[in-house]
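These notes concern the structure reproduced below.
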Amino acid sequence: MKNKLIGYARCSTDGQDLTAQKQALKSLGVTPARIYTDHGLTGTNRARPGLDQALAAVREGDTFTVPKLDRLARSVPDARLIADQLEAKGVKLALGASVYDPSDPMGKMFFNILATFAEFESDLIRMRTREGMAIARAKGKLRGKQPKLSEKQQKELRRMHATGDYSISDLAEVFSVSRPTAYRTLKRTQT
């Protein structure tokens, strides 16, 4: 039986598209029926059904193919675990057009170096995101969810409630908000 190419593609968010990765895998010789995918799952999330199916589909002598290492794993331990699974099955790993044999010492070393860089890149992205959010928060640009009613509307809702002529349901209807929003508006002034 001929050795097969098994492909895997992943994108982190539902807004991203797998088309470019699938096209890259096809150009590497992977047939569309042998491309497994995960959509909306991060590389740090180990529960990836598409990856599990792809790993189950490979047999001895096959080549497990991903367009780039960061599509496979974003941490060294996860990449190492996957490489160990491939090695135990006698499967080679292709990152783009480069094929690595996890049982070969040089292939194993190079794969570990690449996994270290993928994890480093992931850590840098996480660090930059936290720094950006801290800067935005310090500038007052990251304040969380804004109130549904303007200050003027909140004052009027409180004034109307104080008269005793309006129930919470009435106030919610007048201001086109939910009853919980009316309660939160009143509670906000009491504290």
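The values are calculated or read from the model by the stated rules, or taken from the named source; none is laboratory data. Nothing here was measured: the structure is a model prediction, and the numbers come from that model. A quick note on method: Cβ atoms are made from the backbone with ideal geometry, for glycine too, and the neighbour counts reach across all protein chains shown.
Worth a mention:
- Residue match in the range 162-185 (condition: of a type in the set (A, V, I, L, M), in contact with a helix residue (DSSP H, G or I) (Cβ under 7 Å, 6 or more places away or on another chain) and not in a helix (DSSP H, G or I)): no
- In the range 65-77, the residues that are more than 20 Å from Met109 (Cβ to Cβ) form Cβ pairs under 6 Å with partners that are assigned to a loop (DSSP other than H, G, I, E, B) and modelled with pLDDT of 85 or more, at six or more places apart or across chains, as follows: Thr65/Leu28; Thr65/Val30.
- Beta carbons closer than 7 Å, at least 6 apart along the sequence or on distinct chains, pair a first residue in the range 11-39 that is in the same structural domain as Ala54 (by TED's automatic domain parsing) with a second that is loosely packed, with under 12 Cβ neighbours inside 10 Å and small (Gly, Ala, Ser) for Leu28/Ala97.
- Filter result (over 18 Å from Ala47 (Cβ atoms) and small (Gly, Ala, Ser)) within the range 1-33: Gly7, Gly15, Ala20, Ala24, Ser27, Gly29, Ala33
- Failed item in (1) in contact (Cβ under 8 Å) with a residue 40 or more places away in the chain; (2) of a type outside the set (Val, Ile, Thr); (3) in contact with a Leu (Cβ under 8 Å, 6 or more places away or on another chain), with Ser122 passing the rest: (3)
- Considering only residues in the range 111-140 that are farther than 13 Å from Arg80 by Cβ and among the aromatic types (Phe, Trp, Tyr), the one that is farthest from the chain's Cα centre (by Cα) turns out to be Phe117.
- Close pairs from the range 100-113: first over 19 Å from Asp70 (Cβ atoms), partner outside any loop (DSSP other than H, G, I, E, B), Cβ under 6 Å, at least 6 apart: Asp101/Lys92; Asp101/Gly107; Ser103/Glu87
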